[in-house]
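*Asks:* Below is a structure I'd like to ask you about.
The values are calculated or read from the model by the stated rules, or taken from the named source; none is laboratory data. These figures come from a predicted structure and were not determined experimentally. Cβ placement follows ideal geometry from the backbone for every residue including glycine, while neighbour counts extend to all protein chains displayed. To get the accessible areas, we keep the full protein, side chains included, count just its heavy atoms, and leave off ligands, DNA and RNA. Shrake-Rupley method; radii C 1.70, N 1.55, O 1.52, S 1.80 Å.
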Amino acid sequence: FSETKLKVVPLNTVFIIPDQSIGFEEDKIVLSNFRVQDTLNKTLLVDGYIDFKEKPIYSDLNISSSKLQLMNTTEADNEKFFGQLFVDSKISFKGPVNNPDILAKILLSRGTQLNFNYKDDVDLSESSELVNFTSYNEIGEPVRVRPLVGQTKFHMSSVETSIEIDPSTRINFGLSKRIFNINLTIQ
C-alpha cells in the first residue's frame, strides 16, 4: 500500500493506510503490525494471518487500537444518530472465518459523545416499548446491574466481549412525542 485513504461515509471518518505491505507465505496472507490510522494519527494495529490452505478458511488475527476515532458526524449528517466515537480495543479472531472465536475488550474512550434522536409521533401506549426505567433501592440510589460473565455461542462461534465506558462519555437521547419531549443524557 502506498499512502491509501479510505472514507467511511456514514461515519464521516477517514482512515489512512500508510506505506506498508501485506505478506504472502504459501497459502497465507500475513499481517505483521499492519497499521491503519485515523485523521488524528491514532493507530489501529492488525497482527496475524488468514490461511487459505485450510477448508474452511482459517484466521488468527489480533486487532488493537488506542483512542481511535470511529465516528465524527453532526446532526446535519444524520439527524437520528450522530456524534463522536473514540475506542480503545483488543480483539482476537481465531478459527474458521465463517464462525471464528471472538474475544474482545472495547472501551468507549474519553471524548465520546453520541446522540440518538427518535423523532416519530407515537402515542403514550407505544412509548412504553421505547424507555425502560430502572429500580431504586431504599436510599434512592439506582440498583446496579452486575455485568454478565462468560461466553456466548453464536452460529457455533464463541463470543466473549466486554464493553467499558469512560466516565467522561456522554450518550444523549432525544425522544419527541405528540404530547411532550423527553431529553435524556447518560454520563
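*Asks:* Under 8 Å by Cβ, and 6 or more places apart or on different chains, what pairs join a residue from region 77-88 that is of a type in the set (K, R) with one that is surrounded by fewer than 18 Cβ atoms within 10 Å (Cβ to Cβ) and part of a strand (DSSP E or B)?
*Replies:* K80/F116; K80/N117; K80/Y118
*Asks:* So, in region 64-79, of the ones that are among the aliphatic types (A, V, I, L, M) and crowded, with 16+ Cβ neighbours inside 10 Å, which residue ends up farthest from F173 (Cα to Cα)?
*Replies:* Selected residue: L68.
*Asks:* Within region 91-102, is even one residue touching a strand residue (DSSP E or B) at 6+ places or on another chain (Cβ under 8 Å), polar (S, T, N, Q), open to solvent by less than 70 Å² (accessible area, probe 1.4 Å) and modelled with pLDDT under 90?
*Replies:* yes
*Asks:* Can you pull out the strands (runs of 3 or more DSSP E) entirely within region 1-64 that have at least 1 residues that are free of Cβ contacts under 8 Å to residues at least 60 places away in the same chain and within 23 Å of the chain's Cα centre (by Cα)?
*Replies:* 4-8, 13-17, 28-37, 43-51
*Asks:* If you check E26 against the conditions, is it among the acidic types (D, E) and under 20 Å from G95 (Cα atoms)?
*Replies:* Criteria met by E26.
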